[in-house]
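The values are calculated or read from the model by the stated rules, or taken from the named source; none is laboratory data. All values reported here derive from a predicted model rather than from experimental measurement. Don't worry about glycine lacking a Cβ; one is built from the backbone with ideal geometry, like all the others, and counts go over all protein chains shown.
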Amino acid sequence: MILRVVLSVAVLTALVAASAPALSAARADAATGTVERQLETLASRLDALVATDDPTASGDARRVAALRLPARSYTSAGVDWLRFHGRAGTGVATWRVENRTVSRRVAPLPVRPSRGTRRLSEPGSHRLVFALTRADGRRVLTVERLGARSGEGRSRA
């Protein structure tokens, strides 16, 4: 009887140990997939903004987007942070899930984040404003939290 219990516990422990890495990878893939789908939609909207609108000093050419960063849960690893920046003349979003950093092009122009949007790290929904402006004679996209100009919606950088 005791031998059966010990053998059952040993087999159960081996099964859990063997499946843990696969579960961790699946949770990370779920979080990455959620962010990638949202950024694909955002990239389409920003491409259309750049193609159809002219930059203005006041930032009137803009798009509002809501991005949801998944929280850690049983089915999702959660996103540690997400940031927007420019790389090689394009706008890029970079985010971290577990120990993996992923980047994706989101705009044909560099993205310049405001102080409150340099790094988004809180899980949940973030409403962002992307504005087409001109800086140093070049077209750029700026990003800030919705309501940030009036002092609302600021977060830690």
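Filtering the stretch 71-101 to residues that are of a type in the set (A, V, I, L, M, F, W, C) and within 23 Å of Thr142 (Cβ to Cβ) leaves Val79, Trp81, Leu82, Phe84, Ala88, Val92, Ala93, Trp95. Within the bounds of the stretch 66-88, is there any residue that is surrounded by 15 or more Cβ atoms within 10 Å (Cβ to Cβ), over 14 Å from the mean Cα position of the chain (by Cα) and within 17 Å of Ala48 (Cα to Cα)? Scanning the stretch 66-88, I find no residue that is surrounded by 15 or more Cβ atoms within 10 Å (Cβ to Cβ), over 14 Å from the mean Cα position of the chain (by Cα) and within 17 Å of Ala48 (Cα to Cα), so the answer is no.
For Asp53, the test of being at pLDDT 90 or above, of a type in the set (Asp, Glu) and farther than 29 Å from Ala30 by Cα is passed.
Please enumerate the residues belonging to the stretch 70-111 that are free of Cβ contacts under 8 Å to residues at least 24 places away in the same chain and assigned to a strand (DSSP E or B). If the condition is that a residue be free of Cβ contacts under 8 Å to residues at least 24 places away in the same chain and assigned to a strand (DSSP E or B), then Arg87, Thr90, Val92, Thr94, Arg96, Thr101, Ser103 are the ones that fit.
How many of the residues in the stretch 116-142 are charged (D, E, K, R) and either within 18 Å of Pro70 (Cβ to Cβ) or modelled with pLDDT of 95 or more (or both)? Steps first, answer last, please.
So the first thing to find is which residues in the stretch 116-142 are charged (D, E, K, R), and the list is 118-119, 122, 127, 134, 136, 138-139.
Filter again for either within 18 Å of Pro70 (Cβ to Cβ) or modelled with pLDDT of 95 or more (or both), leaving 119, 122, 127.
Of the residues in that region, 3 qualify.
Taking the criterion of being at pLDDT 95 or above, farther than 18 Å from Asp80 by Cβ and of a type outside the set (Ser, Thr, Tyr), the residues of the stretch 1-48 that qualify are Arg37, Glu40, Leu42, Ala43, Arg45, Leu46, Asp47, Ala48.
Which residue is modelled with the lowest pLDDT, if the candidates are limited to the stretch 143-157 and must be in contact with a helix residue (DSSP H, G or I) (Cβ under 9 Å, 6 or more places away or on another chain) and either assigned to a strand (DSSP E or B) or basic (Lys, Arg) (or both)?
Of all residues in the stretch 143-157, those in contact with a helix residue (DSSP H, G or I) (Cβ under 9 Å, 6 or more places away or on another chain) come to 143-145, 148, 153-157.
Remaining after also requiring either assigned to a strand (DSSP E or B) or basic (Lys, Arg) (or both): 143-145, 154, 156.
Values: Val143: 95, Glu144: 94, Arg145: 93, Arg154: 39, Arg156: 36.
So the residue we want is Arg156.
Consider the stretch 114-143 and keep the residues that are buried (at least 21 other Cβ atoms within 10 Å of the Cβ) and within 14 Å of the chain's Cα centre (by Cα). The one that is nearest to Thr52 (Cα to Cα) is Val143.
Would you say Val92 is touching a Ser or Thr at 6+ places or on another chain (Cβ under 7 Å), modelled with pLDDT of 95 or more, under 24 Å from Ala28 (Cβ atoms) and of a type in the set (A, V, I, L, M, F, W, C)?
Working: touching a Ser or Thr at 6+ places or on another chain (Cβ under 7 Å): yes; modelled with pLDDT of 95 or more: yes; under 24 Å from Ala28 (Cβ atoms): yes; of a type in the set (A, V, I, L, M, F, W, C): yes.
For Val92, the condition - touching a Ser or Thr at 6+ places or on another chain (Cβ under 7 Å), modelled with pLDDT of 95 or more, under 24 Å from Ala28 (Cβ atoms) and of a type in the set (A, V, I, L, M, F, W, C) - is met.
Annotation: of all residues in the stretch 53-65 being aliphatic (A, V, I, L, M) and surrounded by 16 or more Cβ atoms within 10 Å (Cβ to Cβ), the one that is farthest from Leu132 (Cα to Cα) is Ala65. Pairs are defined by a Cβ separation below 6 Å, a sequence spacing of at least 6 or placement on different chains, a first member in the stretch 45-69 that is under 17 Å from Gly91 (Cα atoms), and a second member that is acidic (Asp, Glu) and part of a loop (DSSP other than H, G, I, E, B); the pairs so defined are Ala61/Asp53.
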